[in-house]
Amino acid sequence: MYGVVTRNEEEIEWPEFDRAFYEVKDVTGRHTDPLADAVNMVSCFGDNATAGTDPHLVPVDDEGNKATRDQPYFDWAYICPLAEDYRNGLLSVIETCAELNEDVRLDDVGFPRAEYCHCERCEAAFADSEFDDWRAWRADVITEFVAEATDRIPGKTYFTLYPDPYPGHLYERSGLDVDALAEHVDEFVVPLYDTNYGTTYWLETIASGFQDLLGAPFSVELYAVDVEVENLIHAAEVADEYASDVFFGYQATNARAALRRMGAEEREGESFGPE
């Protein structure tokens, strides 16, 4: 199955795509209305706008560094997973999405990095918890949120994973216990983004690693913006060997060209002999 990830409503109807994901809330904090004929996507704890207007909601490490774009390695700002009003707002958005289309995709779920979060909310919650291990407590916080979210999703729950299949890394980095999450998630999505895909050995390596790691189906999402069609086709063919589905992100015209070329090549390869 091939799908598209888009912010453009008209592209979800294009017949080349078996499934369309529509960004309802992205990491900039931009919101738009969900659609009935797309899988609506919600960026959960990535939110530049809220981090700018409500800096007290931003996670901090044990040295007080905020998880914003001012710090190394952060492409966007984060919100603490224990910010109660924000979290309740997310659940309301997810519920609204699910009322229009029963399938929903959860993006940017987790703590921002291994050093986070040591805000007053998190310090107090950990102290009051039954956990002695801070990382186990973090994972429980995230799993509990996902359980609450999926209770509001009557259909299929998609869940985006950071593209690091090395054992223990997702747990240490973001508080993601993939075995616990698999009880709530129907399909994981792994973005394997490149602006060229001139070589794909790394794509195969990462996809193979996730095949070994996950006890649930997963899909690969490719970056389609300005990538040469031949390279995009090759990347899709590699991803398709490991993933249940392949999705193309953020340039539907290029993705459509790749799928049309793939379809044409399959038809050209058909031969019909005498019966």
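Where a number appears in this text, it was derived from the coordinates with a stated rule and is not lab data. For clarity, every value in this text was computed on a predicted model and none was experimentally measured. Ideal geometry is used to build each Cβ from the backbone, glycine not excepted, and the neighbour counts take in all protein chains shown.
So how do I233, I153 line up by other beta-carbon neighbours within 10 Å, fewest first?
So the ranking, lowest neighbour count to highest, is I233, I153.
Which one of G89, N8, H169 is farthest out on the positive end of the charge dipole of region 2-269, using unit charges on Cβ (Lys, Arg +1; Asp, Glu -1) and the Cα centre as origin?
Result: N8, furthest along the dipole toward the positive end.
Sorted from largest down, what three extents in whole angstroms do the Cα atoms of the chain have along their principal axes?
The Cα atoms of the chain stretch 76, 37, 35 Å along the principal axes, largest first.
Share of antiparallel DSSP beta bridges in region 2-269, in percent to the nearest 5?
10
When M41, M262, M1 are ordered from fewest to most other Cβ atoms inside 10 Å of their Cβ, what list results?
Starting with the residue having the fewest Cβ neighbours, the order is M1, M262, M41.
In 10 Å bins starting at zero, report the fraction of Cα pairs in region 196-252 per bin as a rounded %.
Going from the shortest bin to the longest, the percentages are 25, 55, 19, 2.
Using the 10 angstrom Cβ neighbour count as an exposure proxy, how do D62, D245, D18 rank, fewest first?
D62, D18, D245
Got a sec to turn the phi values of region 55-68 into Karplus ³J(HN,Hα) couplings, 6.51 cos²θ - 1.76 cosθ + 1.60 with θ = phi - 60°, whole Hz, x for Gly and Pro?
Calculated HN-Hα couplings, in order: x, 5, 8, 7, x, 10, 8, 6, 9, x, 6, 7, 7, 10 Hz.
Give the angle, between 0 and 90 degrees and rounded to the nearest 10, that separates the Cα long axis of helix 229-240 from the longest principal axis of the Cα atoms of the chain.
Helix 229-240 and the main axis of the chain meet at about 70 degrees.
Shape of region 10-163 from its Cα gyration tensor (a ≥ b ≥ c, root eigenvalues): rounded if a/c is under 1.5, otherwise prolate when a/b > b/c, or oblate?
Cα axes put region 10-163 in the prolate bin.
Please report the net charge: other residues with Cβ closer than 12 Å to the Cβ of A216, K and R +1, D and E -1.
Around A216, the charge tally is -3.
May I ask you to derive the relative contact order of region 2-269, considering only C-alpha pairs under 8 Å and at least 6 residues apart, and to give it as an integer percent?
17
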